[in-house]
1. Using the Kyte-Doolittle scale, find the helices of the chain whose mean hydropathy is at least 0.0 and whose Cα atoms extend 27 Å or more along the helix's long axis, counting only whole DSSP H runs.
2. Just 157, 310, 382 to compare: in a GNM of the chain, with alpha carbon springs under 10 Å, which one fluctuates most?
3. Compute the Kirkwood hydrodynamic radius of segment 296-405, taking the inverse of the mean of 1/r over all pairs of distinct Cα atoms, and give it in Å to one decimal.
4. For segment 1-139, build the convex hull from the C-alpha positions and give me its volume per residue in Å³.
5. For segment 149-261, what ratio Rg/Rh do Cα atoms give with a Kirkwood hydrodynamic radius?
6. Between residue 281 and residue 195, what is the FRET efficiency for a Förster distance of 22 Å, r being their Cβ-Cβ separation, to the nearest 0.05?
7. Counting each DSSP H run of 4 or more residues in the chain as -39500 (n - 2.57), what helix-only mean residue ellipticity at 222 nm follows after dividing by all residues, to the nearest 500 deg cm²/dmol?
8. Quick one: among 266, 207, 77, which has the greatest mean-square fluctuation in a GNM of the chain with alpha-carbon springs under 10 angstrom?
Amino acid sequence: MDQKLNLVAFIIPAFFLFLALEYLLARKRGKSKYFTYENSIANISIGIAERLLNLLITGSFYSLFYYIYQHYALFNIPNRWPIWIALLLTTDLIWYWYHRLGHEINVMWGAHIVHHHSEDFNYTVSARITTLQAVIRNLFWCILPFIGFHPAMVIAILVVHGTYSFFTHTQLIGKLGFLEYILITPSHHRVHHASNEKYLNKNYGDIFIFWDKLFGTFQKEEEEPVYGLTHPLKRHSFLWQHFHYYFELAEACRRSGSIVKSLRIIFGKPEDIDQTIREDLENALLPPRINFRSTFRFKVYLNLQLLASILGLFSFTLFFFELDVVECTLIIALILITLINCGALLEQQQWIYFLEIARLLIACSYISYLSESFGFFCIGTIGVLVIATMNSFERMYFRFVYDEQ
């Protein structure tokens, strides 16, 4: 397990390497519009959170795969090369139905909708996976050891499966000739992420396109795709992006006034939800966005926070088994608050000052825990609380961040 996590840790810089190459190539071709700053920050932030929290559940699912295989496997499937082909095909078929149900059932769409928020389409979009979506997906993967595929084989094929899907999230690769008849290509996946009416609920496969042709959900790319949701979110709040749809479902159930109708909503289709609910909830629950001038200093400050989160994720993954529960809790809290802060900055919210105070308190707690110094914790906490109550520091902070006078 330790070696697997080390492999995952080094996948992180590989992701950013390919992302940088895609961006540079887009600029060289005069296609910088494929990337917008706010969407890229939001996409990467969500990806960091998913990778971070998945470290806590990955081992559990590996153990679950082995438990199911040892106690409930229907067949004892041998490890031979034709079996690997069968496993890949079976994996992609399971993915097709997991993915399709994720678009057709509200309670599952709530976990998957985050992947479709972005109005850009590039490699950063592949990172828009929530932990809840990862949990649901892993439950579907339990079918594989239940059939009789060895968990080690399952884990290996899932790495291949996940890696392939990363490369389909791009606009820089055109159509690929005869491969369009066999594989899910970037062209096919662009259709899946589009909000054009003719493209909705199409091309669910991950590696092979023939499942969509078999089950009647295939659509080739014709007119230029328009990416994102049919009713765009238009918010970059880290927390709202994760949970807005479940708030919408709860409100729809409340308005229905019936348990039976509520169950029909929860397990019904997304297109049947009243589309005005989201706007009502945003007006009620979210502070209004503040217009401001996005300065170079603001972007540097935001970029440094995102970079710190990336380095934190890499280090946390690399040394995960060397950390105790307290260290894990404090590091996760520090990174998550930083990601929430990034989203709040994009929304130009004033309550980011309280996030900064919380982040300083967690940092003091972490340093004092490492140094085993209760005195440092007391002095640091008092110092942070004194700063929090001084209006001059708050005004200085907002002048720095938002260029407020």
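1. Numbers: long enough: 2-28 (40 Å, 1.07); 37-72 (49 Å, 0.39); 81-104 (35 Å, 0.28); 238-256 (28 Å, -0.43); 296-318 (33 Å, 1.26); 325-346 (32 Å, 2.43); 352-371 (28 Å, 1.39).
TM-like helix candidates: 2-28, 37-72, 81-104, 296-318, 325-346, 352-371.
2. 382
3. Working: mean 1/r = 0.0663 Å⁻¹.
One over the average 1/r among Cα pairs gives 15.1 Å for segment 296-405.
4. On the way: hull volume 21.3 nm³, N = 139.
Roughly 153 Å³ of hull volume per residue.
5. Using Cα coordinates only, the ratio equals 1.07.
6. 0.60
7. Working: 17 runs with 268 residues, N = 405.
My calculation for the chain gives -22000 deg cm²/dmol from helical runs alone.
8. Ranking 266, 207, 77 by mean-square fluctuation puts 77 first.
The values are calculated or read from the model by the stated rules, or taken from the named source; none is laboratory data. All figures in this text were calculated on a predicted structure; none of them were measured in a lab. All Cβ positions, even for glycine, are placed from backbone atoms using ideal geometry, and neighbour counts span all protein chains on display. All accessible areas refer to the heavy atoms of the entire protein, side chains included, with ligands and DNA or RNA removed. Shrake-Rupley method; radii C 1.70, N 1.55, O 1.52, S 1.80 Å.
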